[in-house]
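Presented below is the structure to which this report refers.
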Amino acid sequence: NVTNAVANGSHVIATGFLQGSLSTPDWSSQLDFLVDPEQLVHGQAMEVGFLDANLPTTGLDLLEIHISADGAPVADLSFTSAQLASAALHDRLVTIDPSLLLGSDIELQFVYRSTNASDRFRSDFVLLADLPEPAEALLVAMALAWVCLRRGRFV
């Protein structure tokens, strides 16, 4: 789950929420993240985590979530009830295979259809990845700066 992934060393590199207040029965949104794969640990997967899906209890006809990396499909999720969607998106991780992270575009696309035009829904999400450790020289410089700050003076 998302909490365990963060506790085990994955770094949150993006966070956001999707919120829809419907004035028409059909609503869709697309989010694009530009990620520099050179800044990630080579060969490590990236994950999209979903948290706290808040969906109306009635009127949901369809919720679709499409995740792609540089145009290659990663996951296609489809729900026809609020109960199924809420359960499936609660603390859920979707893994993006490292072989798909050759470029820089991670795309989340949401399609929501409801018979009740006054419905609202919200879902929080995070983009997780392992990041490389800082270079040794940077760690030494940080340690030196900390020592200087502790002594109350700068070199």
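The values are calculated or read from the model by the stated rules, or taken from the named source; none is laboratory data. Worth saying up front: this structure is predicted, and the values here are computed from it rather than measured. Heads up, the Cβs are rebuilt from the backbone with ideal geometry, glycines too, and the neighbour counts pull from every protein chain shown.
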Top-ranked residue of the stretch 98-114 - restricted to ones that are surrounded by 16 or more Cβ atoms within 10 Å (Cβ to Cβ) and among the hydroxyl-bearing types (S, T, Y), ranked as farthest from L34 (Cα to Cα): S114
As an exercise: evaluate P132 against (1) modelled with pLDDT under 85; (2) not in a loop (DSSP other than H, G, I, E, B) and give the number of the one condition it does not meet. (2)
I'd like the full set of residues that are among the acidic types (D, E) and in a loop (DSSP other than H, G, I, E, B), limited to the stretch 92-114. D97
In the stretch 77-97, how many are more than 23 Å from T3 (Cα to Cα), surrounded by fewer than 16 Cβ atoms within 10 Å (Cβ to Cβ) and modelled with pLDDT of 85 or more? 2
Yes or no: the stretch 45-67 includes at least one residue that is surrounded by fewer than 13 Cβ atoms within 10 Å (Cβ to Cβ) and not in a loop (DSSP other than H, G, I, E, B). no
Might you let me know whether the stretch 98-106 holds any residue that is hydrophobic (A, V, I, L, M, F, W, C) and under 21 Å from S28 (Cα atoms)? yes
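Kindly indicate whether I67 is of a type in the set (V, I, T) and at pLDDT 85 or above.
Numbers: of a type in the set (V, I, T): yes; at pLDDT 85 or above: yes.
Spelling it out, I67 is indeed of a type in the set (V, I, T) and at pLDDT 85 or above.
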Pick from the stretch 70-91 the residues that are small (G, A, S), assigned to a strand (DSSP E or B) and within 19 Å of F17 (Cα to Cα): which of them is farthest from the chain's Cα centre (by Cα)? S78
